[in-house]
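The values are calculated or read from the model by the stated rules, or taken from the named source; none is laboratory data. Since this is a predicted model, take the numbers as computed values, not measurements. We place every Cβ from the backbone using ideal geometry, glycine too, and count neighbours over all the protein chains shown. With ligands, DNA and RNA removed, areas are computed over all heavy atoms of the protein, side chains included. Shrake-Rupley method; radii C 1.70, N 1.55, O 1.52, S 1.80 Å.
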Amino acid sequence: MPATDYQGTSSPLTNIGRSLLPVRRDQVHAMESPIGGSASNEAEIESFQRRVADRFHDLASVPSDELLSLPWVRKLLDVFLCCQEEFRVILFKNIALVKKSPMDRLIADFYERTVKALDVCNAIRDGIEQIRQWQKLLEIVLCALGDSNVGYQRSLGEGQFRRARKALIDLAIGMLDEKDSGQALAHRNRSFGRHNTSGSHSKDHHHRSLGHFRSLSWSVSRSWSAARQLQAIGNNLAAPRGNEVIATNGLAVPVYTMGSVLLFVMWALVAAIPCQDRGLQVHFNVPRQFPWSTPILWLHERILEESKKRDRKNACGLLREIYQMEKCSRLLGELADSVQFPLSEDKEREVKQRVKELEQVLDALKEDLEPLEKQVREVFHRIVRSRTEGLDSFARGHNP
């Protein structure tokens, strides 16, 4: 779907906003009004919906080569943090209503979803650490075959290639999902030629490599599943009915909006970053009358299509830089297996080109990986802080 197809998504609430909110004015006169009154409250809710729609419209408008890149994922987390803060402000302006039924139940359900999202944040940080380990292997390759290593030597020698080849094999094995052993492992090893064709040796090496990553400080248990956690976050997430919108003075709408945003953001993170038992089978059933539904559903469709591509089906993560890392290391590994010494000028030129491509991937990781980890940590702490402040304020019944 081209971007022009959803240019109108920045409009305010359509069906739900125009058919239910005006009715609310007449039917809730006995209900305690929120701070600022009913009309201002309606305007604030509609404005929140428009801002959410605009932000996701921007995310959905990127070309294919930018989708699921590190800068795009960082922008996604910025969008979540902005939406979360604006939602928090809306709740605190309406604490009197939030304490009443059915808002108290809706808010309790939302906070339960955010608690489940904390585990996803921990798993994503583990995945970022895993990418960092792969980054170190790429740095070994670059150190072995890069221009800085050659110095005054006239050509690359067998020693440098042996060192690079070992790091490339470790990288290929480390990038396999734990469930991706057997034939997939054998296929990866064959791509590196005669140096690693022993089945038993490959299997042992595979488990040692995974064991190394598992020896890191993992935040989730071995039985934890990202797929099941996403399903738990989305469980019973349904658009508010008309009577709920009326009874909550419209506040049920931003609660549902933030629940949907939370689910999509966690789903996109799991799609992009390696984590335990990844799965993208979460169903997004968002009614079209919400202005932010079209860009979110369009993004969901684009990411699913990306996951179905032939060269991405068995990927440990859809992050653009992971794909580039795998592609560059595989091509360089195949080239390393085909060289004969002394190197011809053509082969050396080709090696340098592949190394240059690998260096560009490393530069992207160095620029964005650490800031991404900080953002994930910020999302975690913001969720905890908002939930703690909310529960405390609702219990005390006044603004903090």
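The table below gives the values:
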quantity	calculated
Over 27 Å between alpha carbons, listed pairs Lys75/Lys166; Lys136/Lys356; Lys100/Lys374; Lys75/Lys327; Lys75/Lys116	Lys75/Lys166; Lys100/Lys374
Region 45-86 - Rg over Rh from alpha carbon coordinates, Kirkwood radius	1.02
Residue-span extension gain [Glu112 to Asp58] - 0.36 nm each, minus C-alpha spacing	16.6 nm
√(5λ) per eigenvalue of the Cα gyration tensor, region 254-312, largest first, Å	22, 14, 8
Accessible surface, per residue, of region 34-86 when the full set of protein chains is kept, probe 1.4 Å, Å²	36 Å²
Tyr256 accessible area, 1.4 Å probe, all protein chains in place, Å² to nearest 10	10 Å²
Two-site label geometry, Glu301 and Arg162: point separation in nm, points 7 Å out along Cα→Cβ	5.5 nm
Karplus-derived 3J(HN,Hα), 6.51/-1.76/1.60, for each residue of region 267-275, Hz, glycine and proline x	4, 5, 5, 5, 5, 8, 9, x, 7
Part-to-part distance (alpha-carbon centres) for region 115-148 and region 287-346, which is given in Å	16 Å
In nm, spacing of pseudo-spin labels at Gln133 and Arg382 (7 Å Cα→C-beta vector)	3.0 nm
Euclidean distance of C-alpha centroids, region 44-107 and region 258-279, integer Å	15 Å
Percentage relative contact order, region 237-350, counting C-alpha pairs under 8 Å, at least six apart	20 percent
Residue-span extension gain [Ala39 to Glu357] - 0.36 nm each, minus C-alpha spacing	108.8 nm
Amide N of region 364-392 lying under 20 Å from the label point, which is placed 7 angstrom from the Cα of Glu66 along Cα→Cβ	364-369, 371-372
Nitroxide proxy distance, nm - points 7 Å out along Cα→Cβ at Ser221 and Phe341	5.1 nm
